[in-house]
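Q: Shown below is the structure under consideration.
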Amino acid sequence: QAALLGASAIGMIACWIVAPLIPEPTTLLRYRIGTYGGATLFFALLGATVAMGVALAAIVRTRWLVLTAFVAFVAAMALNISDVPVASDVAKVVFGIAAGAGVIRAIERPWWLLPVTICVPLADAWSVFSSHGVTNAVVEKAAKEPRWIDWPTIAVPIPGFDYDDFGRMGTTDIFFLALLIAAAMRWQLGVRRIAIALPMTLIIMTEGLDLS
């Protein structure tokens, strides 16, 4: 598992580094192929990294997970300030994995996840579309100061574009991905299906937003 975690994490980091080195697409078809292909590869590697990370976290004591999440959060903020975006994104992924794997230990029964899975999408939609939502406020602020969007999100590589032009996904998405994979492992709910389905949902959302 450690070897698989290392391989998927290296692949994920390589996506961030290599994408800007690819020639910029000159046609809409090439852009879509690059965008969809890049998103599929990146989310597959991200899903594998989260799944392997959660599996290894299962043998770690809760206090160490809490410490890891705290250190990763502080590191992510410090790296953002220092303008080291890829390292900051790695720290945010570590934070999401540690936080998700830690929170699941406070959930005693699988049905407790039902209100979570219902409320989270509703809260997320409110945050995005409501004029009072946090995500909406961050996006509006980022329209004037683009670096604002970097704080709560990680980059989704787009081949042929610089890091500042990459897509973005919320760090909370990684947290909930880790939380649900940890729940699947704990209660034997079909880990592979969840580990595949959730990244695929992110891919579909990315493509849908691009088409819109």
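The values are calculated or read from the model by the stated rules, or taken from the named source; none is laboratory data. Note that this is a predicted model, so its numbers are computed, not measured. When we count neighbours, we look across all protein chains shown, and the Cβ atoms used for this are built from the backbone with ideal geometry, even at glycine. We work out accessible area using only protein heavy atoms, side chains counted, and drop any ligands, DNA or RNA first. Shrake-Rupley method; radii C 1.70, N 1.55, O 1.52, S 1.80 Å.
Q: So, R0 is 22 Å and r is the distance between the beta-carbons of THR27 and ASP164; what FRET efficiency does that work out to, to 0.05?
A: Result of the calculation: an efficiency of 0.45.
Q: Could you point to the residue in ILE97, LEU177, LEU113 farthest towards the positive end of the chain's charge dipole, with +1 and -1 charges on the Cβ of Lys/Arg and Asp/Glu respectively?
A: About the Cα centre, the residue reaching furthest to the positive side is LEU113.
Q: With viscosity set to 0.692 mPa s at 37 °C, what whole-number translational diffusion coefficient in µm²/s follows for the chain from Stokes-Einstein and a Kirkwood radius over Cα pairs?
A: Translational D for this selection: 184 µm²/s.
Q: Quick one: 3J(HN,Hα) in Hz for segment 8-18, Karplus 6.51/-1.76/1.60 with θ = phi - 60°, rounded, Gly and Pro as x.
A: 5, 5, 5, x, 5, 5, 4, 4, 5, 7, 7
Q: Could you tell me which residue out of ALA143, ALA123, GLY160 lies farthest along the dipole of segment 117-190 toward its positive end? Charges go on the beta carbon: Lys and Arg +1, Asp and Glu -1, centred on the Cα centre.
A: The listed residue farthest towards the positive side: ALA123.
Q: For TYR163, what accessible surface area do you get with a 1.4 Å probe? Give it in Å², rounded to 10.
A: 40
Q: While we're looking at this one, here's another question. Using the Cα centre of the chain as the reference point, and only Cβ charges (+1 on K/R, -1 on D/E), how large is the resulting charge dipole? Debye, rounded to the nearest 20.
A: 820
Q: Provide the packing ranking of 75-83, 109-117, i.e. peptides ordered by the mean count of other C-beta atoms within 10 Å per residue, highest first.
A: Packing proxy ranking, top to bottom: 75-83, 109-117.
Q: Right, next: For TRP187, what accessible surface area do you get with a 1.4 Å probe? Give it in Å², rounded to 10.
A: We get 60 Å² for TRP187.
Q: Please report how far the C-alpha centroid of segment 73-98 lies from that of segment 112-139, rounded to the nearest whole angstrom.
A: 23
Q: Given a 1.4 Å probe, how much area per residue of segment 1-142 is accessible, in Å²?
A: 57
Q: What residues have an amide H closer than 5 Å to that of THR153, excluding those fewer than 5 places away on the same chain, when H is modeled at 1.01 Å from N in the peptide plane?
A: THR171
Q: Calculate the dipole size of segment 1-98 relative to its Cα centre from +1 charges on Lys and Arg beta carbons and -1 charges on Asp and Glu beta carbons; express the result in debye to the nearest 20.
A: 240
Q: Follow-up question, since we're still on this one. For segment 82-149, compute Rh as the Kirkwood radius over C-alpha pairs and then the Stokes-Einstein diffusion coefficient at 10 °C and 1.306 mPa s; write the answer in µm²/s, rounded to an integer.
A: After rounding, the answer is 109 µm²/s.
Q: Ordered by packing density, taken as the mean number of other Cβ atoms within 10 Å over each peptide's residues, highest first, how do 90-101, 13-24 rank?
A: Descending packing order for the listed peptides: 90-101, 13-24.
Q: For the chain, give the percent of accessible area contributed by carbon and sulfur heavy atoms, probe 1.4 Å, rounded to a whole number.
A: Taking all protein chains in place, the chain shows 71 percent carbon and sulfur surface.
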